[in-house]
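The values are calculated or read from the model by the stated rules, or taken from the named source; none is laboratory data. This one's a predicted model, so the numbers in the text were calculated from it and none came from an experiment. Cβ placement follows ideal geometry from the backbone for every residue including glycine, while neighbour counts extend to all protein chains displayed. Just the protein is used for accessible areas: all its heavy atoms, side chains included, with ligands, DNA and RNA removed. Shrake-Rupley method; radii C 1.70, N 1.55, O 1.52, S 1.80 Å.
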Amino acid sequence: RKIIFEKQWFYLDNAIGHIYGTTFEVTNGGNLQPKQEVEETTTETKEAGTDNRNIVDDGKSQKLTHDDIKALKDKGIKGQEIVQQLIENSTTFRDKTEFAQDKYIKKKKKKYEAVITIVKPSTRILSTMYYAREPGKINHLRYDTLAQMLTLGNIRAGNKMIVMETCSGLVLGAVMERMGGYGSIIQMYPGGGPVRAATSCFGFPKPFFDNLHEFPLSKVQSLLSGTFSTETLPSDPEDNALVEEESNGLPEEKQTSLQDAEEEPATEAAMEITQTEEQETMDINAEDVEFKQNKEKENKENVREKQIKQFERRKKLMETAALLNEKNADGLIVASKFHPTPLLLSLLEFVAPSRPFVVYCQYKEPLLECYTKLRERGGVINLKLSETWLRNYQVLPDRSHPKLTMSGGGGYLLSGITVVLDKGKSDSSNSEALKMEEPSPKRCKVQDLHC
Amino acid sequence: GTGSGSLSHALIRTVAPTGHLYTVEFHQQRAEKAQEEFREHGVEHLVTVTNQDVCKNGFGVSNIADAVFLDIPSPWEAIGHAKSALKAEGGRICSFSPCIEQVQRTCLAMEEYGFTEINTLEILLRVYNVRTISLQIPDLGNAAEDNSSAGFDSSDPSNQGSLCSNLQQGTVQFKSGVPLREMVGHTGYLTFATKS
């Protein structure tokens, strides 16, 4: 299978068997070859200039043309050699300052040296990559914000967690990594089924998934009101084309079609149908008996398999509903494209008192409303609305400075702790005290114009 | 750099139940207090406290750590020891320092010891208070002015009255996430790297 990454294409076959962290070179044929350790020749005193006052950037300082470089590549010359050639054929290279020379070499190496390092996946790597390359798929959840969520949510082995996310399964994966296979997770999902594209990238061992459950959001109200049944279900996602990725910005056309809840027969009726079909196979034309029998056997097997699967799904759903109904989850994590308020108000019902919850939202305003509604509801303390400001630095001798500012781009968090909800009195009496208005304007005297 | 043991508790929470924390503190009393607290909190089986100078004598273990965290005044002196405490491949190191000069020395040491992916950053937590704010609507006068008053005549008592009463009438309310008046601007720089 050909992989294309950062304008390089190659086959992964030769990587198998090597340990994580091995660095490879991409050969001309697109194969990977472990890179030899090259001794850096640093002892030569480099000829360099002091500043750029005499360097004219006219685009003509490189004597090698595009064709020349292509010819070198076609000859099979290694990237390192090409960079060396570029340096030797640059009229301005030796006039550059040492720093400028380093920067030039680094830039050319990145372009011409096809070097790949394969690393073991982790939350750190996946969250950084998703934020850099597909932020839309994770609602622009920046990796430091995700780190805050794991800490504020006290995610740890042994917890019973409720997770509701539309971040391709990245948040779910981060939670699973922290829990190390201990405890349990119930993932709430919109539409026909949970999206776990990113989760599968973590490479968790199979046992991690034994205690991962899922439950459709569309059944939450019925569960809370006590009218839950497995009669009408979101259609089995395997029946329809597999929805692999959820596009957070686009209308969910695929999801709504999956949502059309088919009226599915109860388990007993399903068994009846199998029996009627068995009877039907008796009355068939003798000529194509064998062909038809084989075909129908196949169909019967498919149908039976499908029915067994449905039965299993229903059973699992009942079990998950029971887990939720215990209302003793150790925490709640919400990170989705939906407005957070209705999610929080309903899902908090399943969380035990004295437990943390964290809600992520790309925008601040919905969390302001959420905060207000939670105050009205009561049963929460330590409400905190926050964001993290992140700044990267370049640290080099005599060249240290901040690299770029990413403040304001990482999303917002609302966190708190549940307490026993005294249904008798809500926090409405407190919300008055919490409303801080700007001090009222001085009463204006008729004569005073400066009020 | 155990210190108060605050970070140690967070790390223990994260690696439980199968992981282990080795923490080194050169101040004897602080080391003893930390040990006592771990016992009180029922986590002593998950942590080993060592009372020594990590810069001179290392962590007391080798080639086993998935990650090393340094919160000490001279982290560059502990980089070599950190490297030997770390597992053979893929271990991570993080150093926390308030001053950029410390960061520069540490980055240099990391490079010399062959660490890769060296990266320095800082993170600030910004907290917002949720408040309902009322802002006044200013009086911009009336579209249709009387011809008799060419401009605003401040000496005219009737004008004064209407100006003030308008100011008190119009307000707009909205919810806002208001930053705190003073926030923490800096605690320290975090430098991460990989042992490869």
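Regarding the range A:61-81, can at least one residue be identified that is at pLDDT 80 or above and within 30 Å of B:Glu89 (Cβ to Cβ)? The answer is yes; a qualifying residue exists. Assess whether B:Gly19 counts as being open to solvent by less than 30 Å² (accessible area, probe 1.4 Å) and assigned to a loop (DSSP other than H, G, I, E, B). When the stated conditions are applied, B:Gly19 passes them.
Of A:Glu88, A:Glu98, which residue is touching a Lys or Arg at 6+ places or on another chain (Cβ under 8 Å) and more than 14 Å from chain B (Cβ to nearest Cβ)?
Going through A:Glu88, A:Glu98 in turn, just one is touching a Lys or Arg at 6+ places or on another chain (Cβ under 8 Å) and more than 14 Å from chain B (Cβ to nearest Cβ): A:Glu98.
Residues in the range B:111-129 that are β-branched (Val, Ile, Thr) and more than 7 Å from chain A (Cβ to nearest Cβ): B:Thr116, B:Ile118. Inspection of the range B:48-55 identifies no residue that is part of a helix (DSSP H, G or I), within 14 Å of chain A (Cβ to nearest Cβ) and modelled with pLDDT of 95 or more. Just so you know, in the range A:124-134 the residues that are buried (at least 17 other Cβ atoms within 10 Å of the Cβ) and without any contact (Cβ under 8 Å) to a residue 60 or more places away in the chain include one that is farthest from A:Gln362 (Cα to Cα), and it is A:Ser127.
Out of A:Leu414, A:Leu385, A:Leu345, one residue alone is surrounded by fewer than 16 Cβ atoms within 10 Å (Cβ to Cβ) and either in a helix (DSSP H, G or I) or within 25 Å of the chain's Cα centre (by Cα) (or both). It is A:Leu345. Looking at A:Lys337, A:Lys309, just one residue is over 18 Å from B:Tyr128 (Cα atoms), touching a residue at least 40 places away in the same chain (Cβ under 8 Å), out of contact with any helix residue (DSSP H, G or I) (no Cβ under 8 Å at 6 or more places or on another chain) and open to solvent by 90 Å² or more (accessible area, probe 1.4 Å), and that residue is A:Lys309.
Yes/no per residue for (1) in contact with a helix residue (DSSP H, G or I) (Cβ under 6 Å, 6 or more places away or on another chain); (2) within 11 Å of another protein chain (Cβ to nearest Cβ):
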residue	(1), (2)
A:Lys108	yes, no
A:Lys120	no, yes
A:Ile125	no, yes
A:Pro135	no, no
A:Asp144	no, yes
A:Ala147	no, yes
A:Leu150	yes, yes
A:Thr166	no, no
A:Met179	no, yes
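Within the option set A:Leu396, A:Leu434, A:Leu383, being in contact with a Leu (Cβ under 7 Å, 6 or more places away or on another chain) and either at pLDDT below 95 or assigned by the TED database to the domain that holds A:Pro340 (or both) holds for one residue only, A:Leu383.
Annotation: B:Ala82 fulfils all but one of (1) more than 21 Å from A:Ser122 (Cα to Cα); (2) in a loop (DSSP other than H, G, I, E, B); the unmet one is (2).
B:Val61 satisfies every condition listed in (1) of a type outside the set (Phe, Trp, Tyr); (2) in a loop (DSSP other than H, G, I, E, B); (3) in contact with a helix residue (DSSP H, G or I) (Cβ under 7 Å, 6 or more places away or on another chain); (4) within 14 Å of chain A (Cβ to nearest Cβ) except (4). Within the set A:Tyr112, A:Tyr130, the sole residue that is within 30 Å of B:Glu89 (Cβ to Cβ) and not assigned by the TED database to the domain that holds A:Gly21 turns out to be A:Tyr130. For the range A:348-368, give me each residue that is within 14 Å of another protein chain (Cβ to nearest Cβ), among the charged types (D, E, K, R) and either surrounded by fewer than 16 Cβ atoms within 10 Å (Cβ to Cβ) or closer than 17 Å to A:Tyr189 by Cα (or both). Within the range A:348-368, A:Glu365 is the sole residue that qualifies. Is there a residue being in contact with a helix residue (DSSP H, G or I) (Cβ under 6 Å, 6 or more places away or on another chain) and within 14 Å of chain B (Cβ to nearest Cβ) anywhere in the range A:188-207? So far as the range A:188-207 goes, no, none of its residues is in contact with a helix residue (DSSP H, G or I) (Cβ under 6 Å, 6 or more places away or on another chain) and within 14 Å of chain B (Cβ to nearest Cβ).
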